[in-house]
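*Asks:* Have a look at the structure that comes next, please.
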Amino acid sequence: MKRKKFGKFIGTLIALLLAVSLVACSSKDETKKSDGVTIDVFQFKVEFNDQFKALAKKYEEEHKDVKINITTVGGGNDYGAALKAKFSSGDEPSIFNIGGPEDMKTWDKYLADVSDTDAAKAALAGTLTGVSQAGKVLGLPYNVEGYGLLYNKEIFEKAGIQVDSIKTQADLRAAVELLDSKKQALGIEAVFALPAKETWVTGLHASNIFIAPEFNNDVISAYNAKTIDFKFSKQYQEYIDLMQKYSVQPTVSLDYAKQMEELFSNGKVALTQQGNWVSSTIAGIDADFQANGVGFLPVPVDGAVEGKIPVGVPNYWAVNKTKSKKEIQAAKDFLDWMYTSATGKEAVVKDFKFIPAYSGYDAADITDSLAKEIYSYSQSGNTTGWVFMGYPTDWGMSVLGAGIQKYVSNEISWDELIKEVQAKWADARK
């Protein structure tokens, strides 16, 4: 009996020890797991999505306790709407994108102060203006970008057109008409690819060319404006009309992919409005064409602008201040590393094809031809500002861009369009 009791006691003791051991191991594993941190990034630039993910992997290799998840929504999808849906679902990202003053108001309760980051301290003069408030910096610039009309150098040369001679809207029209008259000989389907489906192209970027002069190229002036006069409305109309008349049709269903991947990058059109951010897309189709065959033609605005390129900060990285202190710091550390470490800086210039918005970079390292051209315009002072970041929320794309779609579809007149968007601007600023 005693032996049986003793054996039972030993069995119970062993079972207890195993249980304690399992609990201890489990606790140890959980502790180890809890030591790590996950950074969820929700961003919009499809053009460098693959390169960005590759850089994040390098960061994870150097920082074993950090996991970075990147979700990209863009290239025809409404990032603003997607971001709102993301937050509404409760699955809030650690890092997300904002566009400037208007977005700061929209996302105010989520914006962490990033003034203490190395990136903020290295940001070039003027690049933080749109995201600074009450002594705090609430976003870090992606990069510096510029845009205009991309032109095919070979086609222009064959047509005998000198880009430097195009200084007025009449000059631009004459060049377009000449190209159109030689379509067959030049082997192009049309002169333009107007992606009217992409309201960010027409309602944000195109409009900015003609609205910025009204606000002296100052985003804060646009942000504070209760009304918009559209002083250069007729010039804007002429530009849209020119692209619409000489574009591959139908423009309302022409998206970024068709514009850049099918048409422009394959030499099927001579002109299209885009910026230096399309370099990777073009290179993916024809690397030699991207490196040597594409240039920028500044869009003239009669009575206001000649020979200048709109240059600015396209978007900012924001850190979600509702996350834990550990996650917030990890997010800041990753952004710092991306823009200030040797590995990050190399990727920013060579892989992302970015024009840096930060000090500490060598201009000679900019290898991308379009980025170099934008940098050249910036260095010479031949630039205008980006004020579309100061438009009322959703006004540029959902109001003006959508209105342009109706206009090119002959559903409304230009005067009706302008009256409608002016009213919507005033209503948003009441």
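*Asks:* Calculate the spin-label point distance for Ala342 paired with Glu92, positioning each point 7 Å from the Cα along the beta-carbon direction, and give it in nanometres.
*Replies:* 3.8
*Asks:* Report in % the part of the accessible area of the chain that belongs to carbon and sulfur, leaving out ligands and nucleic acids; probe 1.4 Å. Mind showing how you got there, number by number?
*Replies:* Working: 9760 of 19390 Å².
Carbon and sulfur atoms account for 50 percent of the accessible area of the chain.
*Asks:* Something else about it: Each label point is 7 Å from the Cα along the Cα-to-Cβ direction; what then is the distance between the points at Lys109 and Ala81, in nm?
*Replies:* Using points 7 Å along Cα→Cβ, the separation is 2.4 nm.
*Asks:* Between Ala54 and Leu178, what FRET efficiency follows from the Cβ-Cβ distance if R0 is 30 Å, with the result rounded to 0.05? List each step's numbers first, then the result.
*Replies:* On the way: r = 44 Å, r/R0 = 1.45.
According to the calculation, E is roughly 0.10.
*Asks:* Mind checking which lysines have their C-alpha under 25 Å from Lys197, skipping anything on the same chain fewer than 8 residues away?
*Replies:* Result set, ordered by chain and number: Lys45, Lys84, Lys86, Lys183, Lys234, Lys245, Lys258, Lys268, Lys406, Lys419, Lys424.
*Asks:* Another question, if that's okay. Heavy-atom accessible area per residue, the stretch 208-350, 1.4 Å probe: how many Å²? Could you put the intermediate results ahead of the total?
*Replies:* On the way: 5170 Å² over 143 residues.
Dividing the accessible area of the stretch 208-350 by its residue count gives 36 Å².
*Asks:* Express in nm, to one decimal, how much length is gained between Lys167 and Lys406 on full extension, taking 0.36 nm for each residue of separation and deducting their alpha carbon distance. Can you show the working numbers first?
*Replies:* Details: separation 239, 0.36 × 239 = 86.04 nm, distance 2.97 nm.
Computed gain between Lys167 and Lys406 is 83.1 nm.
*Asks:* Next question, about the same structure. Just check the stretch 151-239 against the gyration tensor rule for me: Cα atoms, a ≥ b ≥ c as the square roots of the eigenvalues, rounded for a/c under 1.5, and otherwise prolate or oblate depending on whether a/b exceeds b/c.
*Replies:* Values: a/c = 2.93, a/b = 2.20, b/c = 1.33.
Prolate, since a/c reaches 1.5 and a/b exceeds b/c.
*Asks:* In degrees, nearest 10, range 0 to 90: what is the angle between the Cα axis of helix 169-181 and the longest Cα principal axis of the chain?
*Replies:* 90
*Asks:* May I ask for the net charge around Pro195, where only other residues with Cβ less than 13 Å from the Cβ of Pro195 are counted and Lys, Arg are +1 while Asp, Glu are -1? Working shown, then result.
*Replies:* On the way: positive: Lys197, Lys258; negative: Glu198, Asp255, Glu261, Glu262.
Its environment carries a net charge of -2.
*Asks:* Taking amide H positions as placed 1.01 Å from N in the peptide plane, with prolines and chain starts having none, which residues 5 or more places from Gln133, or on another chain, fall under 5 Å of its amide H?
*Replies:* The list, which skips near neighbours in sequence, is Leu138.
*Asks:* A further question follows. Quick one: divide the alpha-carbon radius of gyration of the stretch 253-409 by 2.2 N^0.38 Å and tell me what you get.
*Replies:* Scaled against compact globular proteins, the figure is 1.22.
*Asks:* Using the Karplus curve 6.51 cos²θ - 1.76 cosθ + 1.60 with θ = phi - 60°, what ³J(HN,Hα) values do you get for each residue of the stretch 151-165, in whole Hz, with x for Gly and Pro?
*Replies:* Those phi angles translate into 10, 8, 4, 5, 5, 5, 5, 5, 7, x, 9, 8, 4, 4, 7 Hz.
*Asks:* Would you compute, for the Cα atoms of the stretch 222-291, the largest minus smallest coordinate along each principal axis and list the three values in descending order, in whole Å?
*Replies:* Taking max minus min along each principal axis of the Cα atoms, the stretch 222-291 gives 46, 28, 20 Å.
*Asks:* Could you give the dipole magnitude of the chain about its Cα centre, charging the beta-carbon of Lys and Arg +1 and that of Asp and Glu -1, in debye to the nearest 20?
*Replies:* That gives the chain a dipole magnitude of about 2440 debye.
*Asks:* As a check on your grasp of the helix formula, calculate [θ] at 222 nm for the chain: sum -39500 (n - 2.57) over DSSP H runs of n ≥ 4, divide by the residue count, round to the nearest 500.
*Replies:* Values: 18 runs with 184 residues, N = 430.
Result for the chain, helices only: -12500 deg cm²/dmol.
*Asks:* To continue, here is another question. Which whole-Hz ³J(HN,Hα) couplings does the stretch 411-426 yield from phi under the Karplus relation 6.51 cos²θ - 1.76 cosθ + 1.60, θ = phi - 60°, glycine and proline marked x?
*Replies:* 8, 9, 7, 5, 4, 5, 4, 5, 4, 5, 6, 5, 5, 5, 4, 4
*Asks:* Rolling a 1.4 Å sphere over the protein heavy atoms, what is the accessible area per residue of the stretch 71-203, to the nearest Å²?
*Replies:* Numbers: 5460 Å² over 133 residues.
Averaged over the residues of the stretch 71-203, the accessible area is 41 Å².
*Asks:* Cα axis of helix 49-62 to longest principal axis of the chain: angle in degrees, 0 to 90, nearest 10?
*Replies:* It works out to around 30 degrees.
*Asks:* Rg to Rh for the stretch 263-321: what is it, with Cα atoms only and Rh by Kirkwood? Each step should come with its number before you reach the end.
*Replies:* Working: Rg = 15.3 Å, Rh = 13.9 Å.
With Rg and the Kirkwood Rh in hand, the quotient comes to 1.09.
*Asks:* With the cut-off at 1.5 for a/c, could you classify the stretch 319-430 from its C-alpha gyration tensor as rounded, prolate or oblate?
*Replies:* Working: a/c = 3.07, a/b = 1.61, b/c = 1.91.
Verdict is oblate for the stretch 319-430.
*Asks:* Using Cα springs under 10 Å in a Gaussian network model of the chain, which residue among Thr383, Thr202, Thr168 shows the largest mean-square fluctuation?
*Replies:* Evaluated over the chain, the most mobile residue of the options is Thr168.
*Asks:* Here is a further query. Can you tell me how the stretch 69-149 classifies by the Cα gyration tensor, rounded, prolate or oblate, using a/c under 1.5 as the rounded cut? Write down the numbers at each step before the final one.
*Replies:* Details: a/c = 1.83, a/b = 1.25, b/c = 1.47.
Judged from the Cα gyration tensor, the stretch 69-149 comes out oblate (a/c at least 1.5, b/c at or above a/b).
*Asks:* When the chain is fully extended, how far beyond the present Cα-Cα distance does Asp241 get from His63, taking 0.36 nm per residue of separation?
*Replies:* On the way: separation 178, 0.36 × 178 = 64.08 nm, distance 5.29 nm.
This chain segment gains 58.8 nm when fully extended.
*Asks:* Give me D for the stretch 187-242 in µm² s⁻¹, whole number, from Stokes-Einstein with Rh from the Kirkwood sum over alpha-carbon pairs, 20 °C and 1.002 mPa s. Write out the running numbers ahead of the final one.
*Replies:* Details: Rh = 12.7 Å.
This corresponds to a translational diffusion coefficient of 169 µm²/s.
*Asks:* I've got another one for you. Specify which residue in the list Ala357, Thr367, Ala347 is farthest towards the positive end of the charge dipole of the stretch 331-430, using unit charges on the beta carbon of Lys, Arg (+1) and Asp, Glu (-1), about the Cα centre.
*Replies:* Value: Ala357.
*Asks:* So, one more: Given a Förster radius of 22 Å and the C-beta distance between Glu154 and Ala364 as r, what FRET efficiency does 1/(1 + (r/R0)^6) yield to the nearest 0.05? Walk me through the numbers on the way to the answer.
*Replies:* Values: r = 27 Å, r/R0 = 1.24.
Efficiency for this residue pair is about 0.20.
*Asks:* Taking amide H positions as placed 1.01 Å from N in the peptide plane, with prolines and chain starts having none, which residues 5 or more places from Ser247, or on another chain, fall under 5 Å of its amide H?
*Replies:* Counting only residues 5 or more places away or on other chains, the set is Phe192.
*Asks:* Can you give the convex hull volume per residue for the Cα atoms of the stretch 320-382, as a whole number of Å³? Write down the numbers at each step before the final one.
*Replies:* Details: hull volume 6.7 nm³, N = 63.
Value for the stretch 320-382: 107 Å³ per residue.
*Asks:* Here's a follow-up. Would you mind working out the magnitude of the charge dipole of the stretch 203-301 relative to its Cα centre, with +1 at each Lys and Arg C-beta and -1 at each Asp and Glu C-beta, to the nearest 20 Debye? Intermediate values should be presented prior to the final figure.
*Replies:* Values: 6 positive and 10 negative charges, 50 e Å.
It comes to approximately 240 debye.
*Asks:* Using only the C-alpha atoms of the chain, find the volume of their convex hull and express it per residue in Å³.
*Replies:* That works out to 184 Å³ per residue.
*Asks:* How far is the Cα center of the stretch 387-430 from the Cα center of the stretch 232-273, in Å?
*Replies:* When both Cα centres are located, 19 Å separates them.
The values are calculated or read from the model by the stated rules, or taken from the named source; none is laboratory data. Note that the structure is predicted; figures quoted are calculated from it, not measured. Every residue, glycine among them, receives a Cβ derived from its backbone with ideal geometry; neighbour counts consider all protein chains shown. Heavy atoms of the whole protein, side chains included, go into the accessibility calculation; ligands, DNA and RNA do not. Shrake-Rupley method; radii C 1.70, N 1.55, O 1.52, S 1.80 Å.
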